[in-house]
Each structure stands twice: as structure tokens, then as C-alpha cells.
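A short worksheet on the structure shown next.
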Amino acid sequence: MSEHNNQDAQHQGEKPVKRREMSRRQFLSYTLGGATAFMGAGMLVPMVRFAVDPVLQPKSKADWVKVVETGQITNEPKSFKFKVHQVDGWFENDAELEAWISKDKDGNLFALNPTCKHLGCTVNWNANPEYKDQYFCPCHGAHYTVDGKNLAVAPAPLDQYDLKVENGFVYVGQLGPNKRVK
Ligand code: FES
């Protein structure tokens, strides 16, 4: 018997192959489902972006804020209040901040933030007779030198504002770690 006849015999023993065809119902449900998902994603993406976009934006550096005339600054630290416009995500407000500004023996001006580095209470200059010429925190007794160096309780020096003098006025900017002391 030839090879061709053998193959015919094998094919005759097999079941006929069924072709799987998509019904009209399946076709419609796949098409409509796909189109709905596509349109849904098209609406959802802008909504999600709208909601989270401000959170993802890098926070801009604080602008300089004019605080006081330089003539008012002495070697004795003085407290000055100033307002900054803050934007955090969708939340905007004008926060009132405080800086203790003084002049060192070389005439350099510097501004410290009065937030205690222990647990965040507010320090005051010369507020405790036991710690003369120091910043003192009433909450747990932390005290700091005139440069903001932590002497007890607090684990770090008081933070320092960037400061510049322009046209006879003191401006403060970004708040950061104390650069005068370690
Ligand atoms: S918060 Fe200032 S000493 Fe504790």
C-alpha cells in the first residue's frame, strides 16, 4: 500500500474538527464591553489626574518675606511675626510665622525659628531667670544659646531662616537646619 493510502486511512478514523465560531451575542458583548471600558478609562484618567496633580507638584521654595527695618535689630534677639502664603495640595492659607532676629558681634543678622526641637512647644528669649540670655522652652525645660544651640533636653539646635537685607529691610526665606551651630 502506498504512503498516500495510509494517510487517507488515518484521516478516516479521526473525528471531524469543529471550528469554534463566535456567536452574534458574544461578538456584541465583547465589542460593547471593550468600548465601554475604553470610554470609562478616558473619563477616569483626567479625574484621577485632577485629584492628585497638586499633591504631585514639587513644593516651591518659600518666597522672601519683608519682616522689619534693619535699624530695629540689636544684639538682643527680638520676636517678629510675618505672614506667608502656603499652598499644600488644594489647601491654601496665609500662615502667621515668627522669627527671633538678632545681630552677632560681627554685625551679621540671623533669624531663628522658636519651635522647640524637643516636642514642638514655643521657646522664648530670657523667659527663665535660671537661664539668662538663653532661649527657654516652658514645656520640659529645654534651653538654647543665642545662636540656637541646644544645651539640654532638645536633641537639635533651633532651625534657622534664610535671611537677606535689601534696601534697609530684613527679609526671611526658607526655613532649614541651623547653620551657625552644629
Ligand atoms: S517641647 Fe520644648 S522642652 Fe519639650
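Derivation of every value follows stated rules applied to the coordinates shown; laboratory data play no part. Keep in mind the model is a prediction, meaning the values are calculated, not measured. Every residue, glycine as well, gets a Cβ built from its backbone with ideal geometry; the counts of neighbours run over all protein chains shown.
Annotation: the residues F82, F110, sorted from fewest to most other C-beta atoms within 10 Å of their own C-beta, follow the order F82, F110. Scalar couplings 3J(HN,Hα) for the stretch 118-129, obtained by applying the Karplus form with A = 6.51, B = -1.76, C = 1.60 to θ = phi - 60°, are 7, 10, x, 5, 9, 8, 9, 7, 6, 8, 10, x Hz; x denotes Gly and Pro.
Diffusion coefficient (Stokes-Einstein, Kirkwood radius over C-alpha pairs, 10 °C, 1.306 mPa s) for the stretch 65-176: 109 µm²/s, rounded to a whole number.
Checking the cross-link pairs K78/K132; K83/K117; K81/K132; K81/K179; K81/K103 against a 20 Å limit on the alpha carbon distance flags K83/K117; K81/K132; K81/K179 as lying beyond it.
Ordering T145, T31 from the fewest to the most neighbouring beta carbons within 10 Å gives T31, T145. Give me the net charge for the shell around F110: Cβ to Cβ below 9 angstrom, other residues only, Lys and Arg +1, Asp and Glu -1. Local net charge: +1.
Under the combined filter of DSSP loop state and at most 11 neighbouring Cβ atoms within 10 Å, the stretch 80-171 retains these trypsin sites (Lys or Arg not before Pro): K105, K132. Excluding same-chain neighbours fewer than eight residues apart, the aspartates and glutamates reachable from K182 by a Cα-Cα span under 12 Å are D147, D159. Ordered by the number of other Cβ atoms lying within 10 Å of each residue's own Cβ, fewest first, C137, C116, C121 fall into the sequence C121, C116, C137.
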